[in-house]
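The structure under discussion appears below in the form of structure tokens.
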Amino acid sequence: MVSVLTDVISTLLSKQISSGRQVGLIAAVFLLYLGAVTAFTFSLRLLPMGPAFAIWSGLTLTFIALLAVPIYGQAIDLAGGIGMGLIITGTVVLALFSRMQTH
């Protein structure tokens with residue numbers, strides 16, 4: 001979850017960079033992305049790579065899309081809602097029922 005949260009924060013902050021060059025913000029986004037990847041790497045000590053990456057990317061995508069609504073005024077249409085529902089469903093299935101092994 002540390003990896004997911006730092007990835008979400010860094011992605012949401014990266015939108016602010018597009019409005020101009022802000023060295024401090026660029027450095028913060030870089031460090032947060034570095035932290036996200038580092039935390040994900042440590043999680044691979046305990047989790048199989050396939051399900052871990054699917055869960056990480058699915059949760060990150062969903063959180064970013066949901067938080068972009070109140071933060072940036074973006075809208076989620078029906079197709080977007082269905083797609084995120086499928087991502088969440090897939091994430092739950094992988095987390096609860098997958099028996100994929102690392103070896």
* Structure fact -> Here the residues within segment 1-34 that are polar (S, T, N, Q) and farther than 14 Å from Phe63 by Cβ are Ser14, Gln16, Ser18, Ser19, Gln22
* To do: Hey, can you tell me all the residues within segment 38-85 that are within 15 Å of Val2 (Cα to Cα) and among the hydroxyl-bearing types (Ser, Thr, Tyr)?
  => Thr38, Thr41, Ser43, Ser57, Thr60
* Structure fact -> Those residues of segment 75-101 that are under 24 Å from Arg45 (Cα atoms) and exposed (fewer than 12 other Cβ atoms within 10 Å of the Cβ) come to a total of 4
* Residue by residue through segment 45-103, note down the ones that are under 27 Å from Ile17 (Cα atoms) and polar (S, T, N, Q). => Ser57, Thr60, Thr62, Gln74
* Structure fact -> Checked segment 16-74 for anything aliphatic (A, V, I, L, M), open to solvent by 50 Å² or more (accessible area, probe 1.4 Å) and either under 20 Å from Met84 (Cβ atoms) or assigned to a helix (DSSP H, G or I) (or both); matches are Val23, Ile26, Leu31, Leu34, Val37, Met49, Leu61, Leu66, Leu67, Val69, Ile71
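The values are calculated or read from the model by the stated rules, or taken from the named source; none is laboratory data. Since this is a predicted model, take the numbers as computed values, not measurements. Counting neighbours? That spans all protein chains shown, and the Cβs are built from the backbone with ideal geometry, glycine included. Just so you know, the surface numbers come from the protein's heavy atoms only, side chains and all, with ligands and any DNA or RNA stripped out. Shrake-Rupley method; radii C 1.70, N 1.55, O 1.52, S 1.80 Å.
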